[in-house]
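A short write-up of the structure that comes next.
The values are calculated or read from the model by the stated rules, or taken from the named source; none is laboratory data. In this text, all values refer to a predicted model and were calculated from it rather than measured experimentally. Don't worry about glycine lacking a Cβ; one is built from the backbone with ideal geometry, like all the others, and counts go over all protein chains shown.
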């Protein structure tokens, strides 16, 4: 008999809802991936590098040319200089980066504070390290940090805090003032930080993304995680990176080298080429996704769903209280998929203890215009 190390973990809701969408022929607005390809020249570069023989292991830390481009992008985006050799590590996906960061510093009995609703990989990674997650709920009206609750959750066992900005599933952003407040709260404590910033370039309405990379005090204790998949519309490439001060990077790499050793070589070459040739891509990304957000929200305006336009990510939360208040969000998501042909994600799955009476589902608008129009028409007749 196997004694499971993750006894409470099953197939994720993302897999379940995507499978249900496939079975029923529903439009899949559940799992967070585009239904369009990344840039043609980026995809062409992969084939070129495969054909030219770049098919063996890359350096464990990541291809030097790619790490240099990451450092250059950080300097342009945030006005911060990081060392490509000692602070930047390329990983096969942001989830692997988060896993390695947690394994690097969490010991048996340590506590990791996470903010609900939160991404589902944080807790299993903590459990596998022998730690325990302490869940602190974000403010329900705007998904901001409740610093009184955070202060109350701190204990002598607190070893790490995980933040996510722009936030999945709500799209909320953490401000500079909030980062300052966080720094003040944990100053003098032996607490590390993971800043999950995979949607860093998906911010709207002229509001800037405030990165921990640009917060000198917090960065000294932080692992900052980003995703090429989100930024370049290639989620299936599972390529990301983590930036951390040299001492933390050294510990992370000790774990990383025994989890995957390195990322996929030709993908790294292709990304490095594209970043050199098209530095404007990240600058154009907010406008690209804001147009999709605005189209989708305009299409939903005549519906009975209520919502506030998100300020970041490619997810829109909608409240269905005026439609089926009798259904919890899991049942609502299944009903919408089976009966109305649109798959979504119930927000309760991101909580340890969901707020009583919350009636929210998450919809992904990283889709082609025709997909959004078809989905909007279906949602408006619910």
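Scanning the range 150-179 for residues that are under 21 Å from residue 199 (Cα atoms) and either surrounded by fewer than 16 Cβ atoms within 10 Å (Cβ to Cβ) or not assigned by TED's automatic domain parsing to the domain that holds residue 220 (or both) returns 175, 176, 177.
Have a look at 273, 329 and point out the one that is assigned by TED's automatic domain parsing to the domain that holds residue 234, in contact with a helix residue (DSSP H, G or I) (Cβ under 6 Å, 6 or more places away or on another chain) and touching a residue at least 12 places away in the same chain (Cβ under 8 Å).
Working: 329 fails: assigned by TED's automatic domain parsing to the domain that holds residue 234.
The conditions single out 273.
Residue count for the range 298-323 satisfying the condition of being in contact (Cβ under 8 Å) with a residue 12 or more places away in the chain and either within 21 Å of the chain's Cα centre (by Cα) or closer than 11 Å to residue 360 by Cα (or both): 16. Put simply, of 362, 338 the only residue that is surrounded by fewer than 19 Cβ atoms within 10 Å (Cβ to Cβ) and either under 23 Å from residue 235 (Cβ atoms) or outside the structural domain of residue 196 (by TED's automatic domain parsing) (or both) is 338. Here residue 120 meets each of (1) touching a helix residue (DSSP H, G or I) at 6+ places or on another chain (Cβ under 9 Å); (2) surrounded by fewer than 17 Cβ atoms within 10 Å (Cβ to Cβ); (3) modelled with pLDDT of 95 or more with one exception, condition (3). Evaluating residue 208 against the criteria (1) under 20 Å from the mean Cα position of the chain (by Cα); (2) crowded, with 18+ Cβ neighbours inside 10 Å leaves one unmet condition, (2). Under the condition of being crowded, with 18+ Cβ neighbours inside 10 Å and under 16 Å from the mean Cα position of the chain (by Cα), the residues counted in the range 9-28 number 1. When the criteria are applied in full, residue 62 fails the requirement of being assigned by TED's automatic domain parsing to the domain that holds residue 244, more than 27 Å from residue 159 (Cα to Cα) and without any contact (Cβ under 8 Å) to a residue 24 or more places away in the chain. Scoring residue 58 on the criteria (1) in a helix (DSSP H, G or I); (2) buried (at least 17 other Cβ atoms within 10 Å of the Cβ) leaves a single failure, condition (1). For the range 79-96, the set of residues classified as outside any strand (DSSP E or B) and either surrounded by fewer than 19 Cβ atoms within 10 Å (Cβ to Cβ) or touching a strand residue (DSSP E or B) at 6+ places or on another chain (Cβ under 6 Å) (or both) consists of 79, 80, 81, 82, 83, 85, 86, 87, 93, 94, listed by residue number.
With respect to residue 250, is the statement that it is more than 17 Å from residue 90 (Cβ to Cβ) and in a helix (DSSP H, G or I) true?
Details: more than 17 Å from residue 90 (Cβ to Cβ): no; in a helix (DSSP H, G or I): yes.
No, not satisfied.
If the condition is being within 25 Å of residue 97 (Cβ to Cβ), more than 18 Å from the chain's Cα centre (by Cα) and part of a loop (DSSP other than H, G, I, E, B), then the range 121-153 contributes 129, 130, 131.
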